[in-house]
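The values are calculated or read from the model by the stated rules, or taken from the named source; none is laboratory data. In this text, all values refer to a predicted model and were calculated from it rather than measured experimentally. Don't worry about glycine lacking a Cβ; one is built from the backbone with ideal geometry, like all the others, and counts go over all protein chains shown. Note: accessible area is taken over every heavy atom of the protein model, side chains too, but ligands, DNA and RNA are not part of it. Shrake-Rupley method; radii C 1.70, N 1.55, O 1.52, S 1.80 Å.
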Amino acid sequence: MRRYPRSAEILERNRHYIPGGVVSVNRATSPEIVFVKGEGAYLWDAEGNRYIDYHFAFAPHFLGHNDPHVTEAVRRVLSDGASLYGSGTTVLEGRLAELICQNVPSVESVQFLNTGSEASYQAIRLARAITGRDHVIVMQGGYNGWHNDVSCNLMTPLEQLGPRVSPGEYPYKPISAGVPLDHQRLVHPVNFNDLGSVEHVCQKCPVAALITEPVLQNIGIVKPRPGYLEGLRRLADRFGFLLIFDEVKTGFRHGLAGYAGIAGVKPDLSVYGKAVANGYPIAVLGGKKEWMDWVVHPEAGKRVLIAGTYNAHPVPTAAAIATIERLLMNDGEVYRHVEALGGLMQEGLEQLVNRLGLKAVVARQGSAFCVYFMSHCPWDWHDLAGNHDFGLDERMRRNLIERGVYYFPVATKQCSISFAHTREDVEVTLNHVSAALQEAGSARGAGVQPV
Ligand SMILES: Cc1ncc(COP(=O)(O)O)c(C=O)c1O
């Protein structure tokens with residue numbers, strides 16, 4: 001077993017000043033490894049071990065760590081003397097807004113924020129202002145950030161959730177303390193892929209918005225059934241709520257137009273983050289101009305406050321422009337590359353789980369993939385939680401880390417391929433997955449045998 005003495009020392013020191021020693025609690029995981037460098041498809045830890053990275057900091061580095069084109073754009077903006085002015089507009093924010101509106105058909109107008117959570121918060125606030133209603137529908141198994149409307153019902157244990165409810169809603173199960181009960185009553189978690197439950201809530205309550213990732217990518221890759229996203233659009237039009245796509249993970253990764261572009265469904269509002277700036281902190285709230293204009297509504301009482309000292313800071317703004325330019329280059333070379341590697345990975349994983357005689361499926365959308373140890377690709381969290389072998393998943397991930405392949409060591413977490421990965425990285429990874437699964441199976445005594 002690998003040991004990480006330098007990492008342990010750093011963590012111990014940080015514990016004096018940071019609760020638990022780690023900022024952003026979702027990063028606190030085991031093995032406790034401190035990383036010190038990222039370049040392209042690789043990560044290095046404090047002991048000097050190299051890893052092929054598939055975690056990518058929860059997925060922003062779509063071009064790879066420290067993409068040279070993006071790094072150069074950041075260097076340039078700093079050496080040109082750009083700063084944060086906090087008064088009036090800037091050429092850079094105009095350029096980024098234009099690039100996004102020209103390339104994302106459902107986005108006519110945008111605001112920039114710093115994080116996905118800020119963007120989803122403001123999308124819901126905008127929907128409440130526009131509709132004059134307070135209730136919000138969220139997905140069981142979806143993640144849209146840390147604020148009160150959405151910090152609930154992610155990987156809720158089935159013992160807490162109870163039997164499947166359909167049509168109907170689950171109780172609000174906070175993933176943070178401190179959410180007022182009165183606020184919890186405004187939020188309605190339902191199954192993904194379940195139009196009947198959305199309709200059920202709309203019959204009961206005045207709903208301002210439904211927010212969903214178009215593919216649930218915080219519990220692996222849970223895809224919409226054919227017609228589901230179209231059905232949400234119809235229900236939004238029928239009941240008068242705003243349809244918000246949270247494309248923080250899917251946006252720019254699955255094409256410039258995000259998953260909305262693939263599905264051909266137009267949400268009212270969308271939020272983006274992560275891959276839009278290849279790891280620099282910026283998020284986008286965008287949508288129909290008619291809705292976005294509520295930010296400058298002529299009636300003060302209807303105007304929605306979207307403000308932030310650091311919004312459209314020149315460094316992440318320049319990074320986002322450079323990232324989108326890279327995504328546009330050679331008529332989609334980045335997307336062709338990651339799709340080819342994604343296909344190779346999927347095929348290889350399917351062959352090896354078959355060879356090992358495992359009950360397993362590979363779920364994939366472009367560059368994002370996940371192995372589920374169950375008989376079918378799940379349709380929602382309840383299906384996944386009741387059928388997936390979480391123990392085997394976690395053991396596979398830990399064994400891979402020992403072998404220098406970094407899958408985040410929490411079961412079902414999405415794996416991400418970047419433009420910096422090569423065919424050789426995929427082939428090396430597949431060999432390691434094969435060995436990791438055999439070790440994981442024999443550790444359980446389940447008799448995973450090559451056949
Ligand atoms: C789909 C989705 N929405 C929103 C967020 C929140 O973004 P941030 O962590 O930048 O606040 C995340 C973060 O993982 C996410 O995956």
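Numerical summary
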item	result
Where the chain is the region considered: accessible area per residue in Å², 1.4 Å probe	42
Two-decimal ratio, segment 1-110, of alpha-carbon radius of gyration to 2.2 N^0.38 Å	1.45
Computed over segment 219-274, Kirkwood Rh from alpha-carbon pairs, angstrom	11.7
Portion, in percent, of the accessible area of segment 67-152 that falls on carbon or sulfur, probe 1.4 Å	50
Surface share of carbon and sulfur [accessible, 1.4 angstrom probe, percent] for segment 283-346	55
Long-range Cα-Cα pairs in segment 52-126 (distance over 18 Å), rounded percent	62
Over the chain, equivalent-ellipsoid semi-axes from the Cα gyration tensor in Å	34, 28, 21
More than 13 Å apart - percent of Cα-Cα pairs taken over segment 189-246	59
Ala177 paired with Arg15, simple spin-label distance in nm, labels 7 Å along Cα-to-beta-carbon	2.0
Extension gain, Glu299 back to Leu158 (0.36 nm per residue minus Cα-Cα distance, nm)	46.1 nm
Cross-link partners of Lys289 among aspartates and glutamates (Cα-Cα below 14 Å; sequence separation of 8 or more within a chain)	Glu98, Glu108, Asp268
Length gained when the stretch Ser166-Thr71 is fully extended (0.36 nm per residue, less Cα-Cα span)	29.3 nm
MRE, 222 nm, helices only [DSSP H, n ≥ 4, -39500 (n - 2.57), over the chain, to nearest 500]	-11500 deg cm²/dmol
Label-to-label distance, nm, for residues given as Thr422 and Glu333 (7 Å Cα→Cβ offset)	1.6
Cubic angstrom per residue, convex hull over Cα atoms of segment 257-392	179
Axial C-alpha extent at least 20 Å, average Kyte-Doolittle at least 0.5 - helices from the chain (DSSP)	314-328
For peptides 84-93, 358-367, sequence by mean Cβ density within 10 Å, most packed first	358-367, 84-93
Out-of-range pairs (alpha-carbon distance over 23 Å; input Lys37/Lys223; Lys37/Lys274; Lys266/Lys413; Lys359/Lys413; Lys204/Lys302)	Lys37/Lys223; Lys266/Lys413; Lys204/Lys302
